[in-house]
1. Applying the selection to the stretch 116-131, what residues are open to solvent by less than 20 Å² (accessible area, probe 1.4 Å) and either within 16 Å of ligand 2 (Cβ to nearest atom) or at pLDDT below 95 (or both)?
2. Could you give me the residue pairs with C-beta distances under 7 Å whose first residue belongs to the stretch 17-33 and is modelled with pLDDT under 95, whose second residue is open to solvent by 40 Å² or more (accessible area, probe 1.4 Å) wherever it lies, and which are 6+ apart or on separate chains?
3. Look at residue 332 and say whether it is closer than 17 Å to residue 144 by Cα, within 16 Å of ligand 1 (Cβ to nearest atom), in contact (Cβ under 8 Å) with a residue 12 or more places away in the chain and surrounded by fewer than 23 Cβ atoms within 10 Å (Cβ to Cβ).
4. Which condition from (1) buried (at least 20 other Cβ atoms within 10 Å of the Cβ); (2) free of Cβ contacts under 8 Å to residues at least 60 places away in the same chain is the one that residue 92 breaks?
5. If you go through the stretch 1-27, how many residues are among the β-branched types (Val, Ile, Thr) and open to solvent by 40 Å² or more (accessible area, probe 1.4 Å)?
6. In the stretch 277-327, which residue that is within 16 Å of ligand 2 (Cβ to nearest atom) and farther than 18 Å from residue 345 by Cα is nearest to the chain's Cα centre (by Cα)?
7. Within the stretch 301-314, can you find the residues that are more than 10 Å from ligand 1 (Cβ to nearest atom) and either in contact with a Ser or Thr (Cβ under 7 Å, 6 or more places away or on another chain) or open to solvent by less than 10 Å² (accessible area, probe 1.4 Å) (or both)?
Amino acid sequence: MRTLYSNIKQLIQIENNTDEKKIVKGKEMAILPSIDQAWLLTENGIIVDFGSMNSLSSDLQFDQTYDLTGRLVLPTWCDSHTHLVFSHSREHEFVDRIHGLTYEEIAKRGGGILNSAKRMQEVSEDELYDLSLQRLEEVIALGTGAIEIKSGYGLNTEAEIKMLRVIRRLKECSKIDIKASFLAAHTYPLEYKENHEGYIRLIIDEMLPRITGEGLADYMDVFCEIGFFNVDETDRLLEAGARYGLKPKIHANQLYNSGGVQIGVKHQAISVDHLETMDNEEVNCLLKSNTIPTLLPGAAFFLAMHYQPARKLIDAGLPVALATDFNPGSCPSGNMNFILSLACTQMKMTPEEAINACTINGAAAMEMTSILGSIKRGKKARLIITKPVNGISYLPYAYGSNLIERVVI
Ligand code: NIG
Ligand code: FE
């Protein structure tokens with residue numbers, strides 16, 4: 001089936017075949033190549049060709065056509081950090097925070113991740129799958145065309161495997177591309193509170209062989225943070241993950257400047273994520289690496305924390321990716337459109353920078369740039385078609401409106 005989209009007001013994030021855009025950094029992030037008054041041809045889910053309307057040949061063959069007058073077309077969002085597989089929401093903790101408790105205090109008294117883990121251990125795989133599929137369908141309708149999903153609410157071998165099997169079922173059934181990260185090192189389960197060595201051994205000796213034996217994970221994640229997994233523990237865990245072929249994508253520098261960035265870079269992490277607390281040392285460390293700083297402003301918003309220093313990173317010449325962190329504790333939303341808006345309003349990213357961070361750089365943070373992240377001949381035709389709008393700045397500006405008319409997967 002060949003589909004022609006014509007009279008597109010602006011076709012955004014295009015890439016010519018001579019380019020091989022893997023990631024955009026620093027000043028390049030302000031450049032968002034696009035064509036005004038454009039056409040786009042797709043065939044069986046692949047981008048075949050595009051150009052400006054005055055180059056559209058009358059001989060072009062197609063089976064169906066859509067007139068997109070007034071509408072923008074963008075590649076779908078690439079959400080490279082989520083915990084979308086969970087069983088229960090945690091709005092009572094949200095109310096506790098309104099009454100003055102902190103996220104850390106809630107975690108210390110057995111709420112937070114441990115609360116989700118308790119429910120995870122009880123839920124059946126089928127029920128977990130149904131709940132997760134509903135969330136996945138919701139975020140696809142909001143424009144997400146590729147996503148990373150983590151385990152980490154299991155905290156024992158069976159429940160971690162249950163989560164990862166659900167992610168595998170989502171991979172098999174879903175229309176979008178999914179990567180799975182193994183995050184048993186999310187927090188210490190209660191029974192290992194005084195026996196960190198025991199839990200680390202469980203992850204290394206029992207979980208890793210079984211999970212990689214079943215091919216259930218693409219990446220290894222660790223919550224490297226004071227009160228969670230320290231730098232030495234993270235080091236050992238990432239080293240073990242590497243022995244099983246898992247590259248790291250880690251949680252770093254969320255609550256404290258705790259060495260997460262440096263340990264991620266040491267292990268050539270694909271990305272280090274969160275980064276609410278960053279000094280020059282961390283920025284310089286990232287500059288010497290290929291590790292992608294991934295910012296999660298939805299978590300800073302929901303926990304009312306400092307936003308991540310996007311300007312400092314971009315102005316230093318680094319690439320930045322944006323993701324939702326969709327999870328029941330620190331960001332109960334998988335809406336990338338809101339992340340785009342937070343990036344502009346709270347972190348002073350320009351709309352161009354934020355769209356680069358949500359598309360090509362998000363794809364890079366999941367190693368998917370050969371198939372997604374830009375409008376390029378041969379890449380997958382995963383498209384956001386907006387309602388009639390003035391231009392790209394309107395997308396982060398009108399943050400409460402749903403500006404998506406259609407998502408093409
Ligand atoms: O990325 N920081 C660690 N993990 C999640 C939150 C987990 C939770 O509270 O359930 C995050 O923010
Ligand atoms: Fe997270």
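1. Taking the stretch 116-131 and keeping what is open to solvent by less than 20 Å² (accessible area, probe 1.4 Å), we get 116-117, 120, 123, 128.
Across the stretch 116-131, the qualifying residues are 116, 117, 120.
2. From the stretch 17-33, the pairs are 17/377.
3. Working: closer than 17 Å to residue 144 by Cα: yes; within 16 Å of ligand 1 (Cβ to nearest atom): yes; in contact (Cβ under 8 Å) with a residue 12 or more places away in the chain: yes; surrounded by fewer than 23 Cβ atoms within 10 Å (Cβ to Cβ): yes.
Criteria met by residue 332.
4. Residue 92 satisfies every listed condition except (1).
5. In the first step, residues of the stretch 1-27 are kept if they are among the β-branched types (Val, Ile, Thr); the result is 3, 8, 12, 14, 18, 23-24.
With open to solvent by 40 Å² or more (accessible area, probe 1.4 Å) added as a condition, the list becomes 18, 23.
Looking only at that region, the number is 2.
6. Across the stretch 277-327, the extreme among qualifying residues is 325.
7. Result: 308, 310, 313, 314.
For (1) more than 30 Å from residue 257 (Cα to Cα); (2) under 24 Å from the mean Cα position of the chain (by Cα); (3) not hydroxyl-bearing (Ser, Thr, Tyr), each residue gets a yes or a no:
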position: 171; (1), (2), (3): yes, yes, yes
position: 194; (1), (2), (3): no, no, yes
position: 206; (1), (2), (3): yes, no, yes
position: 227; (1), (2), (3): no, no, yes
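The values are calculated or read from the model by the stated rules, or taken from the named source; none is laboratory data. Just so you know, these numbers come straight off a predicted model, no measurement behind them. Virtual Cβ from ideal backbone geometry, glycine too; neighbours counted across all protein chains shown. When the accessible area is computed, the model is the full protein with side chains, heavy atoms only, and any ligands, DNA or RNA have been set aside. Shrake-Rupley method; radii C 1.70, N 1.55, O 1.52, S 1.80 Å.
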